[in-house]
Amino acid sequence: MKTIVDPDRALADGLAALRAEFQVPAGFPPAVLAAAEAAARRPFTEHVDRTAMRFVTLDPASSTDLDQAFAIERAGGDILLHYAIADVAWFVTDGDAIDAETWARGETLYLPDGKAGLHPPILGEQAASLLPNGDRAAVIFTVRVGGDGKSVLEGAERAVIRSAAKLAYETVRPEDLPPDFEELARRIDAAETARGAARVDPPEQEVARDDDGRLRLAFRPRCVSEDRNAALSLATNLAVADALQAHRTGLFRVMAGPNPGAIARLRHTAGAFGLDWPAGQPLDQFSQTLSANDPKQAAFMLAIRRAGNGASYAPYRDGVTPWHAAMAATYAQATAPLRRLADRYVIRAALAVANGRPVPDAVSAAFERIPPVMARADARSGQIERAVIDLAEAVLLADHEGEAFSATVTDVDDRGARIQLCDRPVVARVATDGLHPGDMIRVKLDGVDMARRTIRFEAAG
């Protein structure tokens, strides 16, 4: 949950406690800041001049850590995507103070009241960010996308670029974008459908206030431009993954699909929200019909995300095809080096193989060391996200003790019955008492503990 509305600072105390509990860094050590100051002044001596190309960025309006810029051109029936990624490795040297700090952090942590960046702001939000106020160091991946939407990495180079515009999801107009932006996204989406991908991009949750003054957990509307922009990143990551796998190197994002039990729980959750999921339709097909701007469908998208076995990182292994079930493809992450440690090394490997050079030994060694580092960072991020949602649920329901709600049982185990409230994106538990998955029940909110971020329900008579 990266965005939250907090009227009257209702969550401020809880968020402060959460930051202390999870030891969220409040800043950077002096040695790291000093190294970042020096790195920010490093001249671009290994970069070709691509400032004549019209690159633009597309992000949330408030973003300052801009990893990606893009330019698009036709090549006969194909489309060439020139995807410029922040050249973080130019500013961070193996073994320096910044490098050590990024290995300790793993990734940027997002909280409703601010983020804890992977890099000091002078790099992550200024010198290394692809902002539109001067020359920027980038690695440009040139990706060829055919009529069938399949993407192939055609080249990679270090380059100096100038972003022509910092476009925002909320306000971008079609005329602000390259002419083939929409067609490119359409092709990539069509290829996803053909592969049977079950990727979902649920909207960000936020806390908002109703007309009667009460707080509620809601979803920030997801813009069409946001989904189309995500398609560009997806195509690049798929192309990079294929290139690395072909050259017998790399670091891949892998994930198994939901098991049969999780699928059964999802069907009960869909029923709780009144969603029509045909009995014979696979999850990947049903997920493609969902809209992030419908509150119930958005809540179900979050349920799909939770139902997966969780993504992890895996280095290249002979005879093994790394697989990401949600993408239905071999997949790598190379497009967010300002926010993820692993991406910096994937980019370095892709830059090497695209230019016929051996992957640096430091990069190959990092591929073996990164998975547990990223696993810890991902777990911490997930714990914080869950804690923030738990806090928001507790705040929102604090004035509703004693009230009854309709719910559906989605799962039963030795901890009781897991329930999904039918009119709110809230998951909780009640004592089993003969309940079965799929049962429709009434539950009463028995208690809210703000300090522990817990809510307690009991079956209503």
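The values are calculated or read from the model by the stated rules, or taken from the named source; none is laboratory data. Treat the numbers as computed from the prediction; the structure is a model and nothing was measured. Cβ sites come from the backbone with ideal geometry, for glycine too, and all protein chains shown count toward neighbours.
Below is a table of values for the structure above.
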| item | result |
| --- | --- |
| Segments classed as strands (runs of 3 or more DSSP E), wholly inside the range 191-265, with at least 2 members that are at pLDDT 90 or above and surrounded by 20 or more Cβ atoms within 10 Å (Cβ to Cβ) | 251-254 |
| Cβ pairs under 6 Å, 6+ apart, first in the range 225-250 and without any contact (Cβ under 8 Å) to a residue 40 or more places away in the chain and among the polar types (S, T, N, Q), second surrounded by fewer than 19 Cβ atoms within 10 Å (Cβ to Cβ) and in a helix (DSSP H, G or I) | none |
| In the range 374-421, residue surrounded by the fewest Cβ atoms within 10 Å (Cβ to Cβ) [restricted to those that are modelled with pLDDT under 90 and of a type in the set (Asp, Glu)] | 414 |
| Residue match in the range 39-52 (condition: crowded, with 18+ Cβ neighbours inside 10 Å, more than 28 Å from residue 113 (Cβ to Cβ), touching a Lys or Arg at 6+ places or on another chain (Cβ under 9 Å) and in contact (Cβ under 8 Å) with a residue 60 or more places away in the chain) | yes |
| Residue within the range 312-323 that is under 30 Å from residue 115 (Cα atoms), over 19 Å from the mean Cα position of the chain (by Cα) and not in a helix (DSSP H, G or I) present | yes |
| Any hit, the range 103-111, residues being aliphatic (A, V, I, L, M) and crowded, with 19+ Cβ neighbours inside 10 Å | yes |
| Residue match in the range 115-126 (condition: in a loop (DSSP other than H, G, I, E, B), farther than 30 Å from residue 148 by Cα, small (Gly, Ala, Ser) and touching a Lys or Arg at 6+ places or on another chain (Cβ under 9 Å)) | yes |
| Scope the range 338-387; condition touching a Phe, Trp or Tyr at 6+ places or on another chain (Cβ under 9 Å), part of a helix (DSSP H, G or I) and of a type in the set (Val, Ile, Thr); matching residues | 346, 347, 363, 370, 373, 384 |
| Filter result for residue 419 (on the phi < 0 side of the Ramachandran plot, assigned to a helix (DSSP H, G or I), among the hydrophobic types (A, V, I, L, M, F, W, C) and touching a residue at least 12 places away in the same chain (Cβ under 8 Å)) | no |
| Residue selected from the range 446-461 under the condition buried (at least 21 other Cβ atoms within 10 Å of the Cβ) and touching a strand residue (DSSP E or B) at 6+ places or on another chain (Cβ under 9 Å), by the criterion nearest to residue 306 (Cα to Cα) | 455 |
| Test: residue in the range 427-442 that is within 30 Å of the chain's Cα centre (by Cα), at pLDDT 85 or above and either of a type in the set (Val, Ile, Thr) or in a strand (DSSP E or B) (or both) | yes |
| Residue that is surrounded by the fewest Cβ atoms within 10 Å (Cβ to Cβ), among those in the range 122-151 that are among the polar types (S, T, N, Q) and within 25 Å of residue 42 (Cα to Cα) | 133 |
| Filtered residues of the range 140-173 (kept if modelled with pLDDT of 95 or more, under 19 Å from residue 59 (Cβ atoms) and either part of a strand (DSSP E or B) or touching an Asp or Glu at 6+ places or on another chain (Cβ under 9 Å) (or both)) | 140, 141, 161, 162, 163, 164, 165, 166, 167, 168 |
| Conditions (1) at pLDDT 95 or above; (2) hydrophobic (A, V, I, L, M, F, W, C); (3) assigned to a loop (DSSP other than H, G, I, E, B); (4) within 29 Å of the chain's Cα centre (by Cα); number of the one not met by residue 32 | (3) |
| The range 73-98, subset surrounded by fewer than 18 Cβ atoms within 10 Å (Cβ to Cβ) and either free of Cβ contacts under 8 Å to residues at least 60 places away in the same chain or within 24 Å of the chain's Cα centre (by Cα) (or both), residue nearest to residue 184 (Cα to Cα) | 76 |
| Those residues of the range 324-337 which are in a loop (DSSP other than H, G, I, E, B) and modelled with pLDDT under 95, in sequence order | 325, 326, 327, 328 |
| Scan of the range 266-304 for residues that are in contact with a strand residue (DSSP E or B) (Cβ under 6 Å, 6 or more places away or on another chain) and either among the β-branched types (Val, Ile, Thr) or part of a loop (DSSP other than H, G, I, E, B) (or both), ordered by number | 269 |
